[in-house]
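Asker: I am attaching a structure below and will ask some questions about it afterwards.
Read-outs: derived from the displayed coordinates by stated rules, not from any lab. Keep in mind it's a predicted model, so treat the numbers as computed, not measured. For neighbour counting, all protein chains shown are included, and Cβ atoms are generated from backbone atoms with ideal geometry for every residue, glycine included.
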Amino acid sequence: MDRRTVLAGLGATLSMPFITPLSLGKRPWVENGTPMKLLFDTDIGSDIDDAVALAYLLNQPSVQLLGITTVTGEARKRAALAERLIDIAGRTIPVTPGYEKPRLVPSRQPSAPQAAKLTPTQLVGSDAPHDPEAAIDFMAAAIRSHPGEVTLLAVGPFTNVARLLEREPGISKFLKQLVIMGGKYSDYPTPWGPSEWNGIVDPHATSILFQKIECPVRAFGLDITWQVSMNADQVSKAFAHHPLLREVKRWSEVWFAEREALHFHDPLAAVSLVDPAVCQYRTGTVSVDLTPERAGFTLFSASEGGNLQDRRLVEVASSVNSTRFFDQYFSAFGPHPIA
């Protein structure tokens, strides 16, 4: 059963239990008022939450977006969607389409449905072939140009990221950190049990990511992101007051035509870059199951008190303060009404 089938008919509410975050006792990831250098790898155009995240990043002064790469089917149409938001924001940011197909398994995400909201002019060239290695070239060059300064935020299936780590051995040592939305790290109930979309779309890429990464990693699993949501009426009101959000709301018509909930999966990972305390975290190791029935399932083993400089350790979100999240997200766009 795929994500579309499960979400059809599900309701959602904005209010969630207020969870007071622990004092993390760590330096914020945005330091001394200097914008964070960011690469954004995304499957924008399927779940609407990628566009919600990109709108935030484009309007967040604490983030310097160096470039965007797209992943999974119709990667050029996904790039066109990103370029549309960049244009509305009045920015100039390179967007490079990457890999469209998983490494070894059939594609679960061959198209970008939200591209239907773009005009023919905005889609010019999006049906032409492209070299996905150009996205890997771009990521590698950006990382090497700013050693130790770049955060890679990956919120789609991890095909591009795995290819980067495999083609460029040791490249992640030059990253400041990797932040991902993907996997599931607790038994919190979600419609897919222990599975998560980004993890299972390219399970072998997910495995390569956790095997080869050599920088601090922070992961936001479905068990946490599922807890932060809005329904269509709430999105219609909250996304009406800013040009970027209005465009995302227009695209969300495609999403809500078959679903009742927008879950803020990717935006939670994005907001954490600016305000890590929107969540609490646990440290441990992550392995990836590649057996046929569980391919892409993530297995988390806690190791409290570990040093994140140990490449084997991952910091995973373990709870979310939804009130703080929504305040932080919408603060990037000015005063906001949330019903």
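Asker: FRET efficiency for S287 and S107, Cβ-Cβ distance as r, R0 = 35 Å, nearest 0.05?
Answerer: Calculated transfer efficiency: 0.90.
Asker: Where in segment 63-155 are there trypsin sites (Lys or Arg not before Pro) that are in a DSSP coil and have at most 13 other Cβ atoms within 10 angstrom of their Cβ?
Answerer: Answer in residue order: R91.
Asker: Using a Förster distance of 30 Å, how high is the FRET efficiency between D327 and R91, based on the Cβ-Cβ distance and rounded to 0.05?
Answerer: Using R0 = 30 Å, I get an efficiency of 0.80.
Asker: Let me ask something additional. Step through the table entries K37/K176; K117/K249; K37/K173; K176/K212; K77/K237, compare each Cα-Cα distance with 21 Å, and write down the pairs that go over it.
Answerer: From K37/K176; K117/K249; K37/K173; K176/K212; K77/K237, over 21 Å: K77/K237.
Asker: Going 7 Å from the Cα of A134 toward and past its Cβ, which residues in segment 86-120 have a backbone nitrogen under 14 Å from where you end up?
Answerer: 94-100
Asker: Counting each DSSP H run of 4 or more residues in the chain as -39500 (n - 2.57), what helix-only mean residue ellipticity at 222 nm follows after dividing by all residues, to the nearest 500 deg cm²/dmol?
Answerer: -9500 deg cm²/dmol
Asker: Enter the per residue convex hull volume of the chain, computed from alpha-carbon coordinates, in Å³ rounded to the nearest integer.
Answerer: Spread over its residues, the Cα hull of the chain gives 125 Å³ apiece.
Asker: Dipole of the chain (Lys/Arg Cβ +1, Asp/Glu Cβ -1, origin at the Cα centre): which of Q122, S318, S172 lies farthest to the positive side?
Answerer: My answer, from the dipole projection, is S172.
Asker: Note down the nm distance, to one decimal, between modelled labels 7 Å out along Cα→Cβ at A257 and at R167.
Answerer: 3.4
Asker: Also: Let me spell out the model: positive unit charges on the Cβ of Lys and Arg, negative unit charges on the Cβ of Asp and Glu, origin at the Cα centre of the chain. What dipole size does that give, in debye rounded to 20?
Answerer: 340
Asker: While we're here: Quick one: length gained pulling S236 to W192 fully straight, 0.36 nm per residue minus the C-alpha distance?
Answerer: 13.1 nm
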